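Colleague: What follows is a single structure, and I will ask about it in a moment.
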Amino acid sequence: MTRWTPDPTFYASPRDAAEAPPEKLAYVAAFDRTARRPDAIAVVDVDPDSPGYGTVIGWTDLPYTGDELHHFGWNACSSALCPTAPHPHVERRYLIVPGLRSSRIYILDTRADPTRPEVVKVVEPKELADGAGYSRPHTVHCGPDGIYVSALGGAHGADGPGGIAVLDHDTFEVRGGWEADRGPQFLAYDFWWHLNHDVLVSSEWGTPAMIEDGIVGELLLGRKYGHALHFWDLRRRRHVQTVDLGDQYQMPLELRPAHDPTKTYGFVGVVISVEDLSASIWVWHRDGERWAATRVIDIPAEPADPELLPDLLKPFGAVPPLVTDIDLSVDDRFLYVSCWGTGELRQYDVSDPFHPVQTGAVRLGGIVGRAAHPARPELPLAGGPQMVEVSRDGRRVYLTNSLYGAWDDQFYPDGVGAWQAKLDVDTERGGIALDPRFFPHGEDFRGLRVHQTRLQGGDASSDSYCFG
């Protein structure tokens, strides 16, 4: 996989990425909640000039069952162009696809036929446990020196601590656990970095026992899920500081740092406040020599007839937004916020990260609303905007609707279905609109649920840059 020249889908700067040709394919993680059939990677045609636009044109079944595909990523990306990268001639070729329930990690080669990725290696749970001390791999990021994979659980049956494993770019062997000194960190979820500043940031969800059978009301009301950010010395792999958001702010999940490598701020979405069921967005930033986090967006719960609510929410008579994903455009201008509970996707202008301005919103699905897509206005939708992915040029936003099998069943007990949608963005003034031509759903995904989308050539949440 070594190249004489850098991969043309690696971009030295965010500006270069935004000016690159648009994506033609999207890769989508699809999973069988019953664990009786293999999970799969679906390939969707996203070229508007193609006769197959908006349809599933490729499919790769995995060799086992019971994986529950969730998040996945590329083996290499624009960080390979950083001055510190020891592997400047790797290529964006392989999808690194973890099974959140099985602890397997699949390596899929996209080069021979990008519409039919081929499974070329399986990292077995024992390899991950023995090599890194972890289980339940979750998030994949392509670093300049290897493939970083967050994990929720410990090894050999231990529920924690979770952390980060590192895989080799070339062999995909497990190099080991990343942390040299984890300090007080125990819960894990997402992680990202400011490469030029030697800073890694991580967030918290819960251990496998806390999340795998659905949200546990006693733990939530007891404020036992994650509620802190952790800051690390990236080069020395040492914990530096914990920033506690307050234990009422349960589950700070997705991290989206500024793409501009000179900046040291980023956004994190908090799923729920146990005080009023609201969701919130926070900015982490420098405060002198220390790190701090400032709440910049609050999204309130929406009153609802208890008879229309799942059992977990009936006593509250309201639908929480449940912010379960966020994404930041490559130019750092627009932040997208998925409100999986109410069925809303919000767009904010965050040119001033401390004073966001809402510039757009659409609704699809929702626990009570069940808003339809314009392509099928007669079809009420379950689930809601969940995983959100933004194209490199910021003109297109892709959504899928499943969160996590057990949580789907809890909040949408009549079934969550499967759908993917695309929005067009007014990049000048702000604003978003659903594309009526793009709506793969239901049996297009062969009865499986769909979670994360990755775009061919990279996207707004796959790459990091070292040049401005």
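Colleague: Criterion first (in contact with a strand residue (DSSP E or B) (Cβ under 8 Å, 6 or more places away or on another chain), farther than 22 Å from D190 by Cα and in contact (Cβ under 8 Å) with a residue 12 or more places away in the chain) does A293 satisfy it?
Modeller: no
Colleague: Another question about this same structure. If you go through region 178-192 one residue at a time, how many are part of a strand (DSSP E or B) and farther than 17 Å from I96 by Cβ? Before you say what the answer is, go through the steps one by one.
Modeller: Restricting attention to region 178-192, the residues satisfying the condition of being part of a strand (DSSP E or B) are 181, 191-192.
Still in the list and also farther than 17 Å from I96 by Cβ: 181.
Counting residues in region 178-192 that are part of a strand (DSSP E or B) and farther than 17 Å from I96 by Cβ gives 1.
Colleague: Here is a further query. Counting only residues that are buried (at least 23 other Cβ atoms within 10 Å of the Cβ), give me the strands (runs of 3 or more DSSP E) lying completely in region 348-439 with at least 2 of them.
Modeller: 388-390, 396-400, 420-425
Colleague: Going by the conditions given, is A30 out of contact with any Ser or Thr (no Cβ under 8 Å at 6 or more places or on another chain), of a type in the set (A, V, I, L, M) and under 18 Å from H70 (Cβ atoms)?
Modeller: Yes: the conditions hold for A30.
Colleague: Identify the residue in region 218-241 that is part of a loop (DSSP other than H, G, I, E, B) and open to solvent by less than 30 Å² (accessible area, probe 1.4 Å) and, among all such residues, is farthest from D198 (Cα to Cα).
Modeller: For region 218-241, the residue satisfying everything is Y225.
Colleague: Taking region 295-347 on its own, how many of its residues are open to solvent by less than 10 Å² (accessible area, probe 1.4 Å), touching a helix residue (DSSP H, G or I) at 6+ places or on another chain (Cβ under 7 Å) and of a type in the set (D, E)?
Modeller: Total meeting the criteria: 0.
Colleague: Taking into account only those residues within region 162-172 that are free of Cβ contacts under 8 Å to residues at least 60 places away in the same chain and closer than 10 Å to G146 by Cβ, which is surrounded by the most Cβ atoms within 10 Å (Cβ to Cβ)?
Modeller: By that ranking, first place goes to A165.
Colleague: A further question follows. Just wondering, is there one or more residues in region 322-334 that are under 19 Å from A460 (Cβ atoms), touching a strand residue (DSSP E or B) at 6+ places or on another chain (Cβ under 6 Å) and acidic (D, E)?
Modeller: Yes, region 322-334 contains at least one residue that is under 19 Å from A460 (Cβ atoms), touching a strand residue (DSSP E or B) at 6+ places or on another chain (Cβ under 6 Å) and acidic (D, E).
Colleague: I've got another one for you. Is one or more of the residues making up region 258-271 surrounded by 21 or more Cβ atoms within 10 Å (Cβ to Cβ) and without any contact (Cβ under 8 Å) to a residue 60 or more places away in the chain?
Modeller: Scanning region 258-271 turns up at least one residue that is surrounded by 21 or more Cβ atoms within 10 Å (Cβ to Cβ) and without any contact (Cβ under 8 Å) to a residue 60 or more places away in the chain.
Colleague: Go through region 440-456 and give me each residue that's in a loop (DSSP other than H, G, I, E, B) and either of a type in the set (D, E, K, R) or open to solvent by 10 Å² or more (accessible area, probe 1.4 Å) (or both).
Modeller: Residues satisfying the conditions are R446, G447, Q456.
Colleague: So, one more: Return the residues of region 108-137 that are surrounded by fewer than 21 Cβ atoms within 10 Å (Cβ to Cβ) and outside any loop (DSSP other than H, G, I, E, B); say none if nothing qualifies.
Modeller: D109, E118, V119, V120, K121, V122, P125, K126, E127, D130, G131
The values are calculated or read from the model by the stated rules, or taken from the named source; none is laboratory data. Computed from a predicted model, the values in this text were never measured in an experiment. We place every Cβ from the backbone using ideal geometry, glycine too, and count neighbours over all the protein chains shown. To get the accessible areas, we keep the full protein, side chains included, count just its heavy atoms, and leave off ligands, DNA and RNA. Shrake-Rupley method; radii C 1.70, N 1.55, O 1.52, S 1.80 Å.
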